[in-house]
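Heads up, the thing below is written out as structure tokens.
Only the coordinates and a few stated rules stand behind these numbers; no lab work does. Please read these numbers as outputs of a predicted model, since none were measured by experiment. Cβ placement follows ideal geometry from the backbone for every residue including glycine, while neighbour counts extend to all protein chains displayed.
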Amino acid sequence: MPAHPSLARPGGSPRDACGVFGVFAPGYDVARLTYFGLYALQHRGQESAGIAVSDDGEVTVIKDLGLVSQVFNEQMLSSLSGQHAIGHVRYSTTGASHWQNSQPLVRARNGDVVALGHNGNLVNTTALRDELVAEGVRFTGTTDTEVITALIAHEAEGDLLGAVRTAVAKIRGAFSAAVLSGDALVGFRDPYGVRPLCLGDYEGNPVISSETAGFDIIGARFVREIQPGEVVIVDAEHGLRSARVELEGSRPALCIFEFIYFARPDSVLAGRTLHECRQAMGRHLAEEAPVEADLVIPVPDTGIPAAIGYSAASGIPYTEGLIKNRYVYRTFIQPDDDLRQRGIRMKLNPLTAIIKGKRLVVVDDSIVRGNTTGKLVDMLMSAGAKEVHLRISSPPIKWPCFYGIDMATRTELIAANLSVDEIRRKVGATTLHYLTLEGLQASTGLPESQFCRACFSGEYPIAVPEEYAMCKLRFEGGAACEP
């Protein structure tokens, strides 16, 4: 089942995408390298984790629900020997959080085995799935990832590179993926480049990762980003090769929320270190919405860089005012009703001695539904804060995401239904200001044409079907899909 709402991010932020990792390194402990790569990508998904390893053509997969450290132990990693491996951490955007939907997924192809892990979300899953079912393909799970895996496996003619290129040409939406077969490792990215994927080098061996932080943890060198529509493949016979899949009308559309929230602040995207970009967001916030206050405090951890930037630009001292319990992630033990109402305290606790009697500027990355933000403001006021001035380092989220972020339906998005002042009153803040879209764009240092900003503007770069068809549980045996 999906993670309980009370365990969502403290500031009510959108929930993460997935993370993929892969390494082709004969003679090295590829399972252990992949484990640590996934450890660095844990923020991108906490529902399940898995690793697939190929050893002389024999593919072994270990996966389960839970965090990377919960799924794997020393004995498991020692049993996963081979020449190349892929790994995946998941947050569900299509299909519920069941074991059979955990990744990598595996299918047989021409006497070989194909394993695949995917970050993103397809917009033509239903049509492709129906076509494959009509051709006799059976499905055991309910994810769009299984459709991608089936397309590659069903393409019986030609080599793996050709099968992947054929599949990429058919699927639409956001997808970065790692694929493993008996003798090859493949990484590919959709023609719009909505989700990130990077190429690295580990002692002369190719590595792929959703973020550069996956390279840093194992001491690999970042080489470059895999380009939109690019397929990279490496095997013992040919080494590293690259091919492109062109899609008419496509344009670069990297998800701008990677800059705001999803990717780690120490990762590099489009040549920019995200910590620096997030500090710039805070500086723009201070310019757009100055206020007389005593302290600037972040909502940890994602609000920290922007709060530092706000403090530097405003001259208001920066300090910690909220202490985060960093050991609260996905849990299989749910709180009772009383604890659920106090759920924010499972993750955050105010430093009363610091904030009592103070006028606070509280910096967070986003507001989705507003429920958690209201509890946060109430908690700060109850701890003695004199004023709470909310500063949000993204514009109001008014439109849902169909490209791999489990955000909310439009009816649930508070900014789609209320004005900024109405939101301020609902959450109980003294003042509220969102970063303007212009301020956000300037903070990235990149042109608008490089990004998908649909959650703020409603302008979707990739056409989507009717909203009811995008329900994440649409293949769950009759589960209702809210428009």
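For SER81 and GLU237, calculate 0.36 nm times their separation in residues minus their Cα-Cα distance, and state this gained length in nm to one decimal.
That works out to 54.1 nm of additional length.
At ALA169 and LEU418, where each label point lies 7 Å from the Cα along Cα→Cβ, what is the point-to-point distance in nanometres?
The modelled label-to-label distance comes out at 5.0 nm.
Could you work out the local net charge near ILE323, counting Lys and Arg as +1, Asp and Glu as -1, over the other residues with Cβ closer than 11 Å to its Cβ?
Computed value for this residue: +3.
Taking 24 Å as the cut-off for C-alpha to C-alpha distance, list the pairs among LYS358/LYS398; LYS63/LYS347; LYS358/LYS426; LYS347/LYS375 that go past it.
LYS358/LYS398; LYS63/LYS347
Output needed for segment 5-250: three equivalent-ellipsoid semi-axes, defined as square roots of 5 times the C-alpha gyration tensor eigenvalues, in descending order, whole Å.
23, 22, 18
List every DSSP H helix in the chain whose Cα atoms extend 18 Å or more along the helix's own long axis and whose mean Kyte-Doolittle hydropathy is at least -1.0.
Those that clear 18 Å and a mean of -1.0 are 274-288.
Mind sorting THR140, THR34, THR444 by how few other Cβ atoms lie within 10 Å of their own Cβ, fewest first?
THR140, THR444, THR34
For a Förster distance of 45 Å, can you work out the FRET efficiency between the beta-carbons of VAL223 and ALA108, rounded to the nearest 0.05?
Computed FRET efficiency for VAL223 and ALA108 comes out at 0.90.
Could you compute the FRET efficiency for PHE139 and GLU448, with r as their C-beta to C-beta distance and R0 at 56 Å, rounded to 0.05?
0.90
What order do you get for VAL137, VAL179, VAL234 when you list them from fewest to most C-beta neighbours inside 10 Å?
Listing VAL137, VAL179, VAL234 from fewest to most nearby Cβ atoms yields VAL137, VAL234, VAL179.
What aspartates and glutamates does LYS386 reach when the alpha-carbon gap must be under 13 Å and sequence neighbours fewer than 8 apart in one chain are set aside?
Counting by Cα, and skipping residues close in sequence, LYS386 has these aspartates and glutamates nearby: GLU292, ASP294, ASP378.
Would you mind ranking TYR91, TYR202 so that the residue whose beta carbon has the fewest other beta carbons within 10 Å leads the list?
The most exposed by this proxy come first: TYR202, TYR91.
For LYS170, go through the aspartates and glutamates and keep the ones whose alpha-carbon is under 12 Å away, minus same-chain ones fewer than eight residues off.
Within the straight-line limit of under 12 Å, LYS170 reaches these aspartates and glutamates: GLU131, GLU155, ASP190, GLU246.
For LYS356, put the label point 7 Å out on the Cα→Cβ axis and report which residues of segment 294-325 keep their amide N under 20 Å from it.
294-297, 319-324
LYS398 versus ALA463, label points 7 Å from Cα toward the beta carbon: distance in nm?
2.4 nm
May I ask you to derive the relative contact order of segment 5-250, considering only C-alpha pairs under 8 Å and at least 6 residues apart, and to give it as an integer percent?
20 percent
Using Cα-Cα distances under 8 Å and only pairs 6 or more residues apart, what relative contact order does the chain have, in percent?
Value for the chain: 16 percent.
Determine the distance separating the Cα centre of segment 120-148 from the Cα centre of segment 236-254; give it in Å without decimals.
That distance is 22 Å.
If each of ARG425 and ASP159 carries a label point 7 Å out from its Cα toward its Cβ, how far apart are those two points in nm?
Taking the simple label geometry, ARG425 and ASP159 are separated by 6.6 nm.
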